[in-house]
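Each reported figure results from applying straightforward, stated rules to the coordinates on display, with no laboratory input. Because the structure is predicted, anything quoted here is derived from the model rather than measured. Methodologically, a virtual Cβ is constructed for each residue, glycine included, from the backbone with ideal geometry; neighbour enumeration extends over all protein chains shown.
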Amino acid sequence: GAVVSQHPSWVICKSGTSVKIECRSLDFQATTMFWYRQFPKQSLMLMATSNEGSKATYEQGVEKDKFLINHASLTLSTLTVTSAHPEDSSFYICSARDRITGMGTEAFFGQGTRLTVV
Amino acid sequence: GEDVEQSLFLSVREGDSSVINCTYTDSSSTYLYWYKQEPGAGLQLLTYIFSNMDMKQDQRLTVLLNKKDKHLSLRIADTQTGDSAIYFCAESRSRDDKIIFGKGTRLHILP
């Protein structure tokens, strides 16, 4: 099946620094990728929809200047957490839909990135 | 609005059937999903059902949909220890649209 690779799987950073998380679709083209955030023992909260070649669409309440999303190619989207603070510590998961081959009913998920800000 | 609700915990004895229930509010939901998440891992799609279907069966998994009541259930037959995980109910309006998740049901298997 299709694979979505997320990197890094975990990262610890100092408060005030920026962290970049990559999401790659390995064997399919993803014109749309989704970024989710998951708090402990809670659901996945959709943060934004990343569209290749255009600006991301952010969900209400998500700061677009803090969570920068870039989707420069059909296989790569990046999420940069700028000026990270301890409250940004969370599990971030990306998802991609294989729209080209018509398998849009399934969204493939990356393995997630655990961000800890100290 | 879009909202998906499900119970947070379920304990089942090994070998019994597990039934996880979910309700959703969006009448425009077209695709309804069940995902499984094991500790520290991403999400694995278990199964999905179109809104024009009432039931879908796939090996030990049976999905029932009551569109009138906006109620979705997942039945796992002969529950095994490997089924211990968090199960997320989710929905989307179209095959390309964002997926909205419930809070997840933690399935605990009793020996």
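Compactness of the protein assembly as shown was expressed as the Cα radius of gyration divided by 2.2 N^0.38 Å, which yields 1.02. Kirkwood hydrodynamic radius of chain B, from the reciprocal of the average inverse Cα-Cα distance over all distinct pairs: 14.0 Å. Extents of the stretch B:53-107, largest first, come to 33, 22, 21 Å (Cα atoms, principal axes, whole angstrom). Using a simple spin-label model with pseudo-atoms 7 Å out from Cα toward Cβ, B:Leu8 and A:Lys64 lie 3.4 nm apart. Remark: mean inter-chain Cβ contacts per residue of B:91-97 equal 4, using a 10 Å Cβ-Cβ cutoff to other protein chain atoms. Other protein chain C-beta atoms within 10 Å of residue C-beta, averaged over A:38-44: 5. The residues neighbouring A:Lys41, those whose beta-carbon lies less than 15 Å from its own, together hold a net charge of +3 under the Lys/Arg +1, Asp/Glu -1 convention. Summarising the label geometry, the points placed 7 Å from Cα in the beta-carbon direction at A:Val118 and A:Ser9 lie 2.0 nm from one another. The residues A:Tyr58, B:Tyr48, A:Tyr92, when put in order of fewest to most other Cβ atoms within 10 Å, stand as A:Tyr58, B:Tyr48, A:Tyr92. A Cβ-based charge dipole, computed about the Cα centre of chain A with Lys and Arg at +1 and Asp and Glu at -1, lands at about 160 debye.
Which pairs, out of A:Lys64/B:Lys56; A:Lys20/A:Lys55; A:Lys20/B:Lys70; A:Lys41/B:Lys70; A:Lys20/A:Lys41, put more than 29 Å between their alpha-carbon atoms?
Numbers: A:Lys64/B:Lys56 40 Å; A:Lys20/A:Lys55 17 Å; A:Lys20/B:Lys70 39 Å; A:Lys41/B:Lys70 25 Å; A:Lys20/A:Lys41 24 Å.
The pairs that break the limit, which is 29 Å between Cα atoms, are A:Lys64/B:Lys56; A:Lys20/B:Lys70.
Provide the packing ranking of B:5-11, B:17-23, i.e. peptides ordered by the mean count of other C-beta atoms within 10 Å per residue, highest first. Numbers along the way, then the final one.
Details: B:5-11: 14.0, B:17-23: 17.7.
Most protected by this proxy first, the peptides run B:17-23, B:5-11.
Excluding same-chain neighbours fewer than eight residues apart, the aspartates and glutamates reachable from A:Lys14 by a Cα-Cα span under 16 Å are A:Glu87, A:Asp88.
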